[in-house]
Amino acid sequence: RFKEKKEFIDNPEMFPNQIQNEFSAYLKRGFIDIINEDEESIKEYLQSIINKITFEDIPQLFPVESPEKLKALIIAVYSSPGMLINYENLGKDLGLSSKTTEKYLFYLTQAKIVKKMYNYSKNFLTSEKKSKKAYIAAPCMCFLNDEAEISKVIENFIGISGNFDFFWRTPQKDEIDFISKKGSATIPIEVKYANTIRPQDLNAIKKFSKKNRTTMAIIITKDTEQQSQGTKMIPAWKWLLETG
């Protein structure tokens, strides 16, 4: 709409290629100020936001002994979207104690810079005690990492856009990216941003659905769209349009 191309979203079936191009541009331009900027200007803008957050905003609200380490924690999150949180290992990487690392991550979640997600359980107290993941709240920041993996960036976008609170991971390492809770409905959502969806890509979905007796599952794809036996495959751009 801001780029005066509203006809694309009014008639998405007529303009799939154009929408895909706009989607690629949007991934790096999540702030309205930079929708028409080049990549160098985008990186400068995002770095300025991170610097303001870490050296000005958060230290005004919370006691921060080392803003540089706080910034390093932000970098760690946007460089590894969906990282499993291990305070001890993360602290070693940052040169912080596990207690300070946990405290800094709390500051970032309170400031809505980082989104924390919980391993799904029907009992939230159980979820709180299990493993957790971290995503950056402005997914376009993932591209500040020159080696950003597009499938992980898309996963971050889907997680933030859907405002999910849960993922699912078993001791056997079966894993589903997101669990949507809508009223009494529980819907597993897996991001498979690839040209081909293999049968084994659905294994974790099947296990979760059987265990939790769910009737619907969603696979977020690159361009595959189909639906069968309660599993809906939908391209990322289309899912974002439909849910946004």
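Do we find that Phe143 is aromatic (Phe, Trp, Tyr), at negative phi, crowded, with 22+ Cβ neighbours inside 10 Å and modelled with pLDDT of 95 or more in this structure? Spelling it out, it is not the case that Phe143 is aromatic (Phe, Trp, Tyr), at negative phi, crowded, with 22+ Cβ neighbours inside 10 Å and modelled with pLDDT of 95 or more.
Within this structure, Leu202 fails the test of being surrounded by 11 or more Cβ atoms within 10 Å (Cβ to Cβ), under 17 Å from Ser161 (Cβ atoms) and at pLDDT below 90.
Screening Asp174 with (1) touching a residue at least 40 places away in the same chain (Cβ under 8 Å); (2) more than 17 Å from Met233 (Cα to Cα) gives one miss only, at (1). When Lys152, Lys133 are checked against the criterion of being under 12 Å from the mean Cα position of the chain (by Cα), within 22 Å of Ile34 (Cβ to Cβ) and among the basic types (Lys, Arg), a single residue qualifies: Lys152. Look at Lys69 and say whether it is under 20 Å from Ile160 (Cβ atoms) and among the charged types (D, E, K, R). Spelling it out, it is not the case that Lys69 is under 20 Å from Ile160 (Cβ atoms) and among the charged types (D, E, K, R). Checked against the criterion of being more than 26 Å from Asn51 (Cβ to Cβ) and of a type in the set (Ser, Thr, Tyr), the candidates Tyr118, Tyr107, Tyr87, Tyr135 yield just one match: Tyr118.
Any residue that is modelled with pLDDT of 90 or more, closer than 29 Å to Lys112 by Cβ and touching a Leu at 6+ places or on another chain (Cβ under 9 Å) - is there at least one of those in the stretch 166-183? There is at least one residue in the stretch 166-183 that is modelled with pLDDT of 90 or more, closer than 29 Å to Lys112 by Cβ and touching a Leu at 6+ places or on another chain (Cβ under 9 Å).
For Lys152, the conditions (1) farther than 21 Å from Pro235 by Cα; (2) touching a Ser or Thr at 6+ places or on another chain (Cβ under 9 Å); (3) of a type in the set (D, E, K, R) are fulfilled apart from (1). For residues that are part of a loop (DSSP other than H, G, I, E, B) and basic (Lys, Arg), scanning just the stretch 208-223, find the one that is most open to solvent (accessible area, probe 1.4 Å). Among those residues, the one meeting the criterion is Arg213.
Within the stretch 146-174, being under 16 Å from Ile50 (Cβ atoms) and open to solvent by less than 10 Å² (accessible area, probe 1.4 Å) holds for one residue alone: Asn156.
The values are calculated or read from the model by the stated rules, or taken from the named source; none is laboratory data. Please read these numbers as outputs of a predicted model, since none were measured by experiment. Positions of Cβ are backbone-derived with ideal geometry, glycine not excepted, and every protein chain shown enters the neighbour counts. Please note that ligands, DNA and RNA were not included when accessible areas were found on the heavy atoms of the full protein model with its side chains. Shrake-Rupley method; radii C 1.70, N 1.55, O 1.52, S 1.80 Å.
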